[in-house]
1. Roughly how many Å² is the accessible area per residue of the chain, as a whole number, for a 1.4 Å probe?
2. Of [x] 52, 39, 32; [y] 44, 44, 33; [z] 44, 39, 30, which one was derived for Cα extents along the principal axes in Å from the structure shown?
3. Taking Cα centroids, how far is region 63-119 from region 170-186 in Å?
4. For region 8-77, with all protein chains present and a 1.4 Å probe, just round the carbon and sulfur fraction of the accessible area to a whole percent.
5. I want the antiparallel fraction of DSSP beta bridges within the chain, as a percent rounded to 5.
6. Between THR83 and LYS16, what's the calculated FRET efficiency when r is the beta-carbon distance and R0 is 35 Å? Round to 0.05.
7. Between GLU97 and GLU174, what is the spin-label point distance in nm, taking each point 7 Å from the Cα along the Cα→C-beta axis?
8. Rounded to a whole number, what % of the accessible area of region 98-166 do carbon and sulfur atoms account for, probe 1.4 Å?
Amino acid sequence: MIILISNPAPVKDEHKIIRQIFDEGLDVFHLRKKEYPESELRTFIENIPGKYRGKIVLHSHYHLVTEYGLKGIHVPPTFKGETPGRTLSVSFHTPEEIQKSELPFDYGFLSPVFDSISKEGYQSRFNTNELKLFLKDIKAKIIALGGIDEDKIETVRDIGFSGIALLGAIWQNEHPADKFKRIKERWMK
């Protein structure tokens with residue numbers, strides 16, 4: 001599974017880039033624009049073609065999921081609210097958080113697996129051998145997030161992650177759709 005997380009700040013030609021990446025075979029798009037008021041988030045969603053909306057996961061304004069027929073919601077591990085009966089994903093920063101989670105999540109992000117590309121100073125503290133053992137023993141789908149780029153794909157697969165989440169590798173690239181295509185090709189090998 002390949003997930004793209006939106007850039008927190010607006011990006012020039014953002015909707016065009018998102019459409020191109022969906023056209024290249026993106027599995028899931030996480031729309032994380034938490035500072036956007038509901039009206040701006042609605043406009044953002046409405047600018048994504050309807051055929052792709054079932055692949056969008058929201059990080060805020062969860063009630064829009066049902067209205068727009070979106071894939072689901074993404075919540076912090078401490079979330080206690082109602083879920084709209086769609087896909088539920090969660091962010092984790094340690095294996096212990098995953099083990100202690102009582103949320104019935106469909107998949108979880110574990111980050112930062114590698115030093116972050118988009119957040120300066122956000123460094124990984126994971127031991128790859130320990131992660132490999134941990135992932136071997138759990139049934140949950142865990143997605144690698146943080147520092148994921150082409151050169152990390154084989155390591156991520158070897159560790160045993162169920163997928164990858166991309167942010168900095170795509171949004172900080174001069175040609176985001178081409179970069180996504182290269183990463184996807186490597187992931188699919």
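The values are calculated or read from the model by the stated rules, or taken from the named source; none is laboratory data. As the structure is a prediction and not an experimental result, all values here were calculated from the model. Neighbour counts are summed over all protein chains in view; Cβ atoms, including those assigned to glycine, are modelled from backbone coordinates with ideal geometry. Surface accessibility is based on the protein's heavy atoms, side chains included, excluding ligands, DNA and RNA. Shrake-Rupley method; radii C 1.70, N 1.55, O 1.52, S 1.80 Å.
1. Values: 9690 Å² over 189 residues.
Each residue of the chain exposes 51 Å² on average to a 1.4 Å probe.
2. Matching the structure shown: [z].
3. 24 Å
4. Details: 1560 of 3160 Å².
Exposed carbon and sulfur together represent 49 percent of the surface.
5. Working: 0 of 25 bridges.
Once the DSSP bridges in the chain are tallied, antiparallel ones form about 0 percent.
6. 0.65
7. With each label point 7 Å from Cα toward Cβ, the separation is 3.5 nm.
8. Working: 1660 of 3860 Å².
Carbon with sulfur: 43 percent of the solvent-accessible area.
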